[in-house]
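See below for the structure under consideration.
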Amino acid sequence: MRPVTDLPDTIPVFPLPGALLLPRARLPLHIFEPRYLAMLDDTLKTQHRLIGMVQPYQAPGSKESKLHHIGCAGRLTAFSETEDGRYMVTLSGMSRFRIQQEVAGFTPYRRCDVTWDGFDRDMGPVEHDRDFDKKAFLDLLGRYFEDQQLSTDWESLKEAEDELLINSLSMLCPFDPEDKQALLEAPSLETRRETLVTLIEYALRGGSAEEVMQ
């Protein structure tokens, strides 16, 4: 478990709609915009190598892109550069954070002062869902994948541990950004699984998943 004191008070943030990172999970990213290439170069020079993934949203009556208050920081653990100067990178989820304020400065990307308080379990051991009925969940998931015309390696899903299965599906399923935010903010693996099931069931009924989270 990494001490909270090792985590920085200010981090660069990458506001990418629908891109969800969770603790102990991995998120591949393709970075090509000049401002985020600059962010990546600067991050590689730091000791922590953390980038915060945050869901942006459009406030009613405003043209400015706002940031949700809770995001998840990932450590840059793999990267490769293409011949034309783009990067293929992997972020390994470390901990969620709460934005305190956005930092004004001269960087082309956004940075925020953050607090890590309240997310101690993110840097602890793998979580387990004691009430998880895996067979019923996979049956439901099968109907959802068929409805959405998605494919997967079912044998790998059957063998996956609770946290890996629930978090991977939360990250990969094609939910709206607000639904992804609800999955991120779930306080435990059990509540994330319950939220995931609710979103899947509602999608199967033909409703808007966004409505059920309101």
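The values are calculated or read from the model by the stated rules, or taken from the named source; none is laboratory data. Note that the structure is predicted; figures quoted are calculated from it, not measured. All Cβ positions, glycine included, derive from the backbone under ideal geometry; neighbour counts span all protein chains shown.
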Exercise for the section: Quick one: in segment 179-202, of everything that is hydroxyl-bearing (Ser, Thr, Tyr) and assigned to a helix (DSSP H, G or I), which residue is farthest from Asp162 (Cα to Cα)? Expected result: Tyr202
Fill in the blank from the handout: Scanning segment 67-84 residue by residue, the ones that are touching a residue at least 40 places away in the same chain (Cβ under 8 Å), among the aliphatic types (A, V, I, L, M) and within 13 Å of Phe14 (Cβ to Cβ) total 2
Practice task
Pull up segment 167-207, narrow it to residues that are of a type in the set (Gly, Ala, Ser) and under 14 Å from the mean Cα position of the chain (by Cα), then point me to the one that is farthest from Gln55 (Cα to Cα).
Solution key: Ser168
Handout entry: Of the criteria (1) aromatic (Phe, Trp, Tyr); (2) touching an Asp or Glu at 6+ places or on another chain (Cβ under 9 Å); (3) at pLDDT below 95, which one Tyr109 fails
Key = (3)
Completion exercise
Within segment 104-137, of all residues that are in a loop (DSSP other than H, G, I, E, B) and among the acidic types (Asp, Glu), the one surrounded by the most Cβ atoms within 10 Å (Cβ to Cβ) is Asp129
Problem - Flag for Arg75 being within 25 Å of Asp162 (Cα to Cα) and in contact with an Asp or Glu (Cβ under 7 Å, 6 or more places away or on another chain) - result: no
Completion exercise
segment 6-82: strands (runs of 3 or more DSSP E) wholly inside it with 3 or more residues that are within 16 Å of the chain's Cα centre (by Cα) and surrounded by 15 or more Cβ atoms within 10 Å (Cβ to Cβ) are 10-15, 26-31, 50-54, 70-81
Handout entry: Unmet criterion (only one of (1) of a type outside the set (Val, Ile, Thr); (2) closer than 21 Å to Leu21 by Cα; (3) in the same structural domain as Leu16 (by TED's automatic domain parsing)) for Ala104
Key = (2)
